[in-house]
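Chemist: First the structure, then my questions, so here it is.
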Amino acid sequence: MAKEQSVGKRIQTYREKLDMSVYDLAQKSGIDEKVVNAIEKGEVMPALGVLTKISRSLGQRLGTFMDDQFKPDPIITRAEDLESAQVSKAGTNTLGYASHSLALGKPDRHMDPFRIEFSADGVEAASSHEGEELIICLAGEVELAYGNDRFVLKPGDTAYYNSVAKHSLRALGGRPASIYGVVFMPF
């Protein structure tokens, strides 16, 4: 089963366990009902902000919808595995970035670490949610829009912020970019 289908199926399963309709989940999460339907059908891979809102609305942590197996500690993610995922564009969403979890298989985690690859023509989409984020720029230039302010991150630069404020990230300069991002949400 493709990752998109797996994520959508899990969302549908948890929604149905709570006896929620798609409309109810859309209302509670603030995500358009058509988008929720498309995610559940596996037609769309949700952006992290969207998945965060859905997971919170279902009373689950983000990893609940991303993990498909358990692995004992420590979780090691090899660089070659990230590179092969990048080439195949696994996890690419409609906003123009691909996210790769660095903690798949660790169901008891409290943080969600990712490597995120931004395409040169990605769309800026702001999100907000409980918790905090740490961003480490790896390659290219990334613009962080945080509230009304904008910051440019270059390789080696970091940003740490409260994610309850509206925020978004995108590549700059017409070139792709990549970051490591760690999301913490209190449960």
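Every read-out reported here was derived from the displayed coordinates using simple, explicitly stated rules and does not represent laboratory data. Predicted model, so just to flag it, every value in this text is computed and none were measured. Note that each Cβ is placed from the backbone with ideal geometry, even for glycine, and that neighbours are counted across all protein chains shown.
Chemist: Who wins for biggest fluctuation among Ile75, Ile39, Ile11 in a Gaussian network model of the chain, springs between alpha carbons below 10 Å?
Modeler: Its mean-square fluctuation being the largest, the pick is Ile75.
Chemist: List the relative contact order of the chain as a percent without decimals, with contacts defined as Cα pairs under 8 Å and 6+ residues apart.
Modeler: Values: 373 pairs, mean separation 34.4, N = 187.
Contact order relative to length: 18 percent.
Chemist: Could you please state, rounded to a whole Å, how far the C-alpha centre of region 92-146 is from the C-alpha centre of region 148-187?
Modeler: Comparing the Cα centres of region 92-146 and region 148-187, I get a distance of 8 Å.
Chemist: A follow-up question, please. With the chain treated as a Gaussian network of Cα nodes joined by springs under 10 Å, which of Ala177, Ala98, Ala79 yields the largest mean-square fluctuation?
Modeler: With Cα springs under 10 Å in the chain, the top fluctuation among Ala177, Ala98, Ala79 is at Ala79.
Chemist: If you don't mind, there's one more thing I want to ask. In nm, what is the difference between 0.36 nm times the number of residues separating Ile76 and Asp108 and their Cα-Cα distance? Before the final figure, lay out the partial values.
Modeler: On the way: separation 32, 0.36 × 32 = 11.52 nm, distance 1.56 nm.
Full-extension gain reported as 10.0 nm.
Chemist: Right, here's the next one. Which FRET efficiency, nearest 0.05, do Leu134 and Lys166 yield, Cβ-Cβ r, R0 25 Å?
Modeler: Efficiency, from the Cβ-Cβ distance: 0.90.
Chemist: According to a simple spin-label model (label point 7 Å from Cα along Cα-to-Cβ), what is the distance in nm between Thr64 and Glu43?
Modeler: Here the answer is 2.5 nm between the modelled labels.
Chemist: According to a simple spin-label model (label point 7 Å from Cα along Cα-to-Cβ), what is the distance in nm between Arg175 and Ala126?
Modeler: Result for the modelled spin labels: 2.9 nm.
Chemist: With each pseudo-label sitting 7 Å past Cα toward Cβ, what's the Lys17-Lys154 distance in nm, one decimal?
Modeler: 4.8 nm
Chemist: Once you keep just the Cα pairs under 8 angstrom separated by 6 or more residues, what percentage relative contact order results for region 3-65? Intermediate values should be presented prior to the final figure.
Modeler: Numbers: 71 pairs, mean separation 25.5, N = 63.
Relative CO of region 3-65 lands at 40 percent.
Chemist: Could you run the Karplus curve 6.51 cos²θ - 1.76 cosθ + 1.60 with θ = phi - 60° over region 160-165 and give me ³J(HN,Hα) per residue in whole Hz, x for Gly and Pro?
Modeler: After applying 6.51 cos²θ - 1.76 cosθ + 1.60, I find 10, 8, 7, 7, 6, 6 Hz.
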